[in-house]
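Below is one structure, written out as structure tokens; the observations come after it.
The values are calculated or read from the model by the stated rules, or taken from the named source; none is laboratory data. Quantities reported herein were computed from a predicted structural model and do not represent experimental measurements. Cβ atoms come from the backbone with ideal geometry, glycine included; neighbour counts cover every protein chain shown.
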Amino acid sequence: MFVYVYAYAKFSFDEHCRTVIAFMDDQLYSAAHVIRTQPLMATVICVIASKAVRPENYTTYLGAADQIINTTFSGAIDIYTVQAMMLLAAWTGRHRLWGYVASIAVELGLSVAASNLADVSVEHTADLVGLARTWFSLCCFDLMINLNRPFVVYNIMDYLPVASQLLVSPHCRPVDYRLCAYLQGFSITAEAKAQIANTELQPNPLPDSVIQRLRALDEKIDRWFYHINNSMEPLYQTFAKKQDRNRFMVPFAFLKIYVNGLALHGKVSQHGSADTNRVAFIQKALDSACLLLQTQFESKEFRQMLPYSGDYNLVTTYYAIEFMPKALEVASAAVNCGLVLSRLRQGAQLLEEAGAAESASKVRDELHMLKQVMRTSLPPEGLVADLDQAAGESLFDIPNLLDG
């Protein structure tokens, strides 16, 4: 019976889920005869696929996966077990599991394999590259989910430059280009965490040294995105289905929210005067939050996946939604409030379509309050496109670094 269930789940997973996490190697799941011998990986595939095709069985499969993970505390563990736990943690939002995954990865020597890629005296075997690739994927997850928390990988910044060795390896795979692109992007947020202490954001106005660092980091994000769209293409266009540029638009906007949004962490005004530099950073972060939600809302494929990919895909959505009301309190005079609130309304709809009805209701309550406070009316949904046109299309422009 399980063989039949797994075969059906595997087909559904391959059709709808295998490329959702762009930097995870989709070739992991191609060898069905191998996966079938790995109880946890097979069960995790059933967990993920069941949300799309058998939601009534989701809890049962999730419980089975938890039981198998419990056995790893005292049993043998292999690379497939680590990869399965990574997938389970990402797809179900079980962030507490990441620390355990990282400890097991170190125990299996994944961190050593990653470091060995930079050693010219070490042969790049398929096994070594595979272990390193999994380690870098773990680093990528760590960078994405722990923007405001300590990283689970010790000395994570030491590993990031080594990832580029995947691209010159004889066992390089298409996913390596995507993985390196994500690592390069999210290493910018790691730099921001390391370079700018919260105490430095408190003075009003912002110190010149902080302003310079924020601008430099923001420009670095622009260069990263420019490189993807002008130098890497078509190398990152390696999914089974045709991929559009918007695939990287979401992490681009996400990075811009984080870096520029750091300006929201300090004193906003003093003696009734606004810090124009601080407000400008917050405005840029707000624009990026609008871009992120608009990109997701206008992607038919993204919205179709939400009922079963929401725990992973909505991480960026929640981040933008939670940032926007706080930022509006500071920068409402510098932005089109009607357009921002329209984006929040779209965010609420995304949450509802993902099955997060309670969260969607809270966003709509927040919207109602913001409309009252700002005395702003929301435009009809059909007119949002007109607002976009009125606001200009500059948000969707690939940074033109040749004009600077």
Cβ-Cβ under 7 Å, sequence separation 6+ or interchain: first residue in region 204-217 and farther than 14 Å from ILE282 by Cα and touching a residue at least 12 places away in the same chain (Cβ under 8 Å), partner small (Gly, Ala, Ser) and part of a helix (DSSP H, G or I). Which pairs?
LEU217/ALA192
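Being among the acidic types (Asp, Glu) and under 14 Å from SER288 (Cα atoms) is the filter here; which residues of region 303-352 pass it?
Scanning region 303-352 gives a single hit, GLU322.
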When you look at ARG223, is it out of contact with any Leu (no Cβ under 8 Å at 6 or more places or on another chain) and either surrounded by 15 or more Cβ atoms within 10 Å (Cβ to Cβ) or closer than 27 Å to ILE282 by Cβ (or both), yes or no?
no
Filter result for ILE221 (closer than 17 Å to PHE254 by Cα, among the β-branched types (Val, Ile, Thr) and touching a Lys or Arg at 6+ places or on another chain (Cβ under 9 Å)):
yes
Looking at VAL122, VAL112, which one is β-branched (Val, Ile, Thr), at pLDDT 95 or above and assigned by TED's automatic domain parsing to the domain that holds ARG178?
VAL112
Counting only residues that are touching a Ser or Thr at 6+ places or on another chain (Cβ under 7 Å) and buried (at least 21 other Cβ atoms within 10 Å of the Cβ), how many does region 299-319 have?
0
Between LEU339, LEU350, which is without any contact (Cβ under 8 Å) to a residue 60 or more places away in the chain and touching a Gly at 6+ places or on another chain (Cβ under 9 Å)?
LEU350
Quick one: what pairs do we get from region 48-73, first residue farther than 22 Å from ILE21 by Cα, second at pLDDT 90 or above and in a helix (DSSP H, G or I), C-beta under 7 Å, 6+ apart or different chains?
ALA64/THR43; ILE68/LEU40; ILE68/THR43; THR72/THR81
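From GLU352, GLU358, GLU322, grab the single residue that is more than 25 Å from ALA52 (Cα to Cα), surrounded by fewer than 19 Cβ atoms within 10 Å (Cβ to Cβ) and charged (D, E, K, R).
Going through GLU352, GLU358, GLU322 in turn, the sole match is GLU322.
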Pairing a residue in region 9-31 that is within 20 Å of LEU179 (Cβ to Cβ) with any residue that is assigned to a helix (DSSP H, G or I) and at pLDDT below 80, where Cβ atoms lie under 6 Å and the two sit 6 or more apart in sequence or on different chains, gives ARG18/ASP26; ARG18/TYR29; THR19/ASP26
Scope region 51-69; condition closer than 12 Å to PRO39 by Cβ and over 26 Å from the mean Cα position of the chain (by Cα); matching residues:
ALA64, GLN67, ILE68
Within region 356-369, track down each residue that is in contact with a Lys or Arg (Cβ under 9 Å, 6 or more places away or on another chain) and either without any contact (Cβ under 8 Å) to a residue 40 or more places away in the chain or on the phi > 0 side of the Ramachandran plot (or both).
ARG364, LEU367
Among residues of region 27-50 being in a helix (DSSP H, G or I), over 23 Å from the mean Cα position of the chain (by Cα) and modelled with pLDDT under 85, the residue farthest from THR92 (Cα to Cα) is HIS33
Subset of region 285-318 [of a type in the set (Gly, Ala, Ser) and either assigned to a helix (DSSP H, G or I) or farther than 30 Å from ALA334 by Cα (or both)]
ALA285, SER288, ALA289, SER309, GLY310
